[in-house]
Amino acid sequence: MTVRRQPNPNSESVDNYLKAILALGGPEENRVASNALAQRLGVAPASVTNMLQKLAAGLPPLVEYERHRGVLLSDAGKRRALEVVRHHRLIETFLYEVLNYPIEEVHEEAERLEHFISERFEERIEAKLGYPKMDPHGHCIPAMDGRMPKENSVPLTHVVRKATVVVDSISDRDAAIVKLLRTTGIVPGAQLRVRGRHADGGHDVSIGSSVKVYHLSPEAADAVKIHPPP
Ligand SMILES: [Zn+2]
């Protein structure tokens, strides 16, 4: 017979809410609308409202929430969100560098493990990796105290004319796109020549000095962040 554990207000799902609010709020830490949150987390708007009310009523409150005005992380919520992001990115780096996972597989593993590792494990991973600043997707790893440089990259989809740009980071959210970009040679640090924009919103690009032209779908182009062109 299997004994099912009573689901307590599950800390994994709390972590995922905090991370999503951090990501959607962006570097400006804007208020996040609850339907944007529902969409990102793939849950019903009513459950989002319910959870946000719980998070706002906790001790300490993890968010500031007013219906119709959206949600902000409290200081405690932001600290926890950054800690989970730090775990996530250190785990991804470890899987990639030490265990030789393909880059498109690290995110899913990290999504599971990020909630459970101890401070000690986190410190050991960090030391083993030589205190990395970036994960393999090109995202900054927050420091132990939560400090993290502000990201100032822009999506490739913002580039509307011919230009030469450098890839800053790749979104880790869609494994198929991460794999496609890796096999194309679109990785952090790669130089891209943007040849033009397609009617479908995608981009034609060449990598480095190659003349071969790749067509990126709008979704793939949106997953690539570049250093803002001058
Ligand atoms: Zn990831």
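The values are calculated or read from the model by the stated rules, or taken from the named source; none is laboratory data. Note that the structure is a prediction, hence the values are computed from the model and not measured. We place every Cβ from the backbone using ideal geometry, glycine too, and count neighbours over all the protein chains shown.
Some points to look at:
- Residues of segment 190-211 satisfying the condition of being modelled with pLDDT under 95 and farther than 18 Å from HIS158 by Cβ: GLY208, SER209, SER210, VAL211
- When VAL166, VAL194 are screened for being surrounded by fewer than 17 Cβ atoms within 10 Å (Cβ to Cβ) and more than 16 Å from the ligand (Cβ to nearest atom), only VAL166 passes.
- Residues that are at positive phi and outside the structural domain of ILE170 (by TED's automatic domain parsing) occur in segment 96-105; there is at least one.
- Restricting attention to segment 146-159, the residues that are in contact with a Gly (Cβ under 9 Å, 6 or more places away or on another chain) and either at positive phi or surrounded by fewer than 14 Cβ atoms within 10 Å (Cβ to Cβ) (or both) add up to 0.
- Scanning segment 132-142 for residues that are closer than 18 Å to SER118 by Cβ and away from the ligand (no atom under 12 Å from the Cβ) yields one hit, PRO142.
- Tally, over segment 18-39, of residues that are touching a residue at least 40 places away in the same chain (Cβ under 8 Å) and either surrounded by 14 or more Cβ atoms within 10 Å (Cβ to Cβ) or under 17 Å from THR49 (Cα atoms) (or both): 7
- The numbered conditions (1) touching a Lys or Arg at 6+ places or on another chain (Cβ under 7 Å); (2) surrounded by fewer than 15 Cβ atoms within 10 Å (Cβ to Cβ); (3) part of a helix (DSSP H, G or I) are all true for GLU12 except (1).
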